[in-house]
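**Student:** Have a look at this one before I ask anything.
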Amino acid sequence: MKGTKALIDGVQQLKAVEEQFQTVQILNEEGEVVNPDLMPDLTDEQLKELMSRMVYTRVLDQRSISLNRQGRLGFYAPTAGQEASQLASHYALEKEDFILPGYRDVPQMIWHGVPLWQAFLWSRGHFQGGQMPEGVNVFPPQIIIGAQYIQCAGVALGMKKRGVKAVAITYTGDGGASQGDVYEGMNFAGAYQAPAIFVVQNNRFAISTPVEKQSAAKTIAQKAVAAGIPGIQVDGMDPLAVYAATRTARERAINGEGPTLIETLTFRYGPHTMAGDDPTRYRTKDLENEWEKKDPIVRFRKFLEAKGIWNEEEENKVIEQAKEEIKEGIKIADGAPKQQVTDLMNIMFEKMPFNLAEQFEIYKEKESK
């Protein structure tokens, strides 16, 4: 109204929020430490182990793409480019923590204890692929976009009620952050101060939709404000920044300070999935070249080589180990019993309903022939 003070200064209000979410970085693209005060307390052996996991996972991704093209895997979502985001966040966890992955988060599952052969069976849609080993705190990957956030809030609240000093962590992409389930999960966990860590891996494209069209918010991290929880945006190609953010979030959670939202700025070098997506239709070559220069493995390699604790020989050992273990894993998966309809019926109910019991006998007879 003319002559009166504006009720809302929208520009200033948003600016005040956005200014709180600057990207945190420890290693720059040349592998140089630019924020020494934020350096996590990791030994040389721990740094080498994290690098080994990243290299191993890059090989696993390359081999999985090849197996998919050969028809030996089913659904597969490439991970190259997101190793720092995935593996450094996982490296900050403990064995007792619970992982609720999205469909691109198979690497975290494997490093948490799920055998390679089982991950391959999950890709093929085999029921054994979803039967997590005893003592491995992992849910099967969630296909419904964002649903894992609600599950994570529930698991985290259960841990709190039982007095377990552990956290539940979940992952989604920038597209997932547009789903109602994501906000609902964060809001619920925030209301009950549940020990949850919510990770949004912002790889800039929800399949083909750029993040700028997903939301008017300048960052995804600032969406934490509406849920009443802290949020942080980190350079997702910087393993040290991702590790430090996740470790801090975990310490907050187990100390009773509630959940945290972590946005990792990252990039997938391959397609969204191997099911026909063509990234050249929606990404420019200039953009891809820009992000290739930020490769998390190249960056971390430079850092470790400068410290004198990594070299080509070390890396080649990891590559060869990965190739051998992947070969053995796919061999075991190939030897799994053929999945039958009666198998699915048997594992679905504790006591089979009468109508399914009738169908069970029909399928049992068919399968015996």
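The values are calculated or read from the model by the stated rules, or taken from the named source; none is laboratory data. These numbers were taken from a predicted model, which means no experiment stands behind them. Neighbour counts are summed over all protein chains in view; Cβ atoms, including those assigned to glycine, are modelled from backbone coordinates with ideal geometry.
**Student:** Does segment 18-32 contain at least one residue that is surrounded by fewer than 15 Cβ atoms within 10 Å (Cβ to Cβ), in contact with a Ser or Thr (Cβ under 8 Å, 6 or more places away or on another chain) and not in a loop (DSSP other than H, G, I, E, B)?
**Tutor:** For segment 18-32, residues surrounded by fewer than 15 Cβ atoms within 10 Å (Cβ to Cβ), in contact with a Ser or Thr (Cβ under 8 Å, 6 or more places away or on another chain) and not in a loop (DSSP other than H, G, I, E, B): present.
**Student:** With free of Cβ contacts under 8 Å to residues at least 24 places away in the same chain, part of a loop (DSSP other than H, G, I, E, B), exposed (fewer than 14 other Cβ atoms within 10 Å of the Cβ) and not assigned by TED's automatic domain parsing to the domain that holds Glu49 as the only criterion, which of Glu350, Glu358 stands out?
**Tutor:** None of the other options fit; the residue is Glu350.
**Student:** Something else: Could you tell me whether segment 240-247 includes any residue that is of a type in the set (D, E, K, R) and not in a helix (DSSP H, G or I)?
**Tutor:** No, segment 240-247 has no match at all.
**Student:** Looking at Lys331, Lys327, Lys317, Lys364, can you tell me which residue is surrounded by 13 or more Cβ atoms within 10 Å (Cβ to Cβ) and in a helix (DSSP H, G or I)?
**Tutor:** Lys364
**Student:** Would you say Leu50 is farther than 14 Å from Leu304 by Cα and assigned by TED's automatic domain parsing to the domain that holds Val24?
**Tutor:** The answer is no for Leu50.
**Student:** Taking the options Ile110, Ile150, Ile145, name whichever one is without any contact (Cβ under 8 Å) to a residue 60 or more places away in the chain, buried (at least 18 other Cβ atoms within 10 Å of the Cβ) and in contact with an Asp or Glu (Cβ under 6 Å, 6 or more places away or on another chain).
**Tutor:** Answer to the selection: Ile150.
**Student:** Right, here's the next one. Considering each of Arg301, Arg250 in turn, give the residue that is at pLDDT 95 or above, in contact with a strand residue (DSSP E or B) (Cβ under 8 Å, 6 or more places away or on another chain), among the charged types (D, E, K, R) and part of a helix (DSSP H, G or I).
**Tutor:** So the residue among Arg301, Arg250 that is at pLDDT 95 or above, in contact with a strand residue (DSSP E or B) (Cβ under 8 Å, 6 or more places away or on another chain), among the charged types (D, E, K, R) and part of a helix (DSSP H, G or I) is Arg250.
**Student:** Hey, another quick one. Can you name the number of the only condition in (1) of a type outside the set (A, V, I, L, M); (2) touching a Gly at 6+ places or on another chain (Cβ under 9 Å); (3) assigned to a helix (DSSP H, G or I) that Ser66 fails?
**Tutor:** Result: Ser66 fails condition (2) only.
**Student:** Then there's this: If you scan segment 154-199, which residues turn out to be in a loop (DSSP other than H, G, I, E, B) and not basic (Lys, Arg)?
**Tutor:** Gly163, Val164, Ala166, Val167, Asp174, Gly175, Gln179, Tyr192, Gln193, Ala194, Pro195
**Student:** Would you be able to say whether some residue in segment 200-218 is in a helix (DSSP H, G or I), closer than 26 Å to Arg299 by Cα, assigned by TED's automatic domain parsing to the domain that holds Val298 and among the aromatic types (Phe, Trp, Tyr)?
**Tutor:** So far as segment 200-218 goes, no, none of its residues is in a helix (DSSP H, G or I), closer than 26 Å to Arg299 by Cα, assigned by TED's automatic domain parsing to the domain that holds Val298 and among the aromatic types (Phe, Trp, Tyr).
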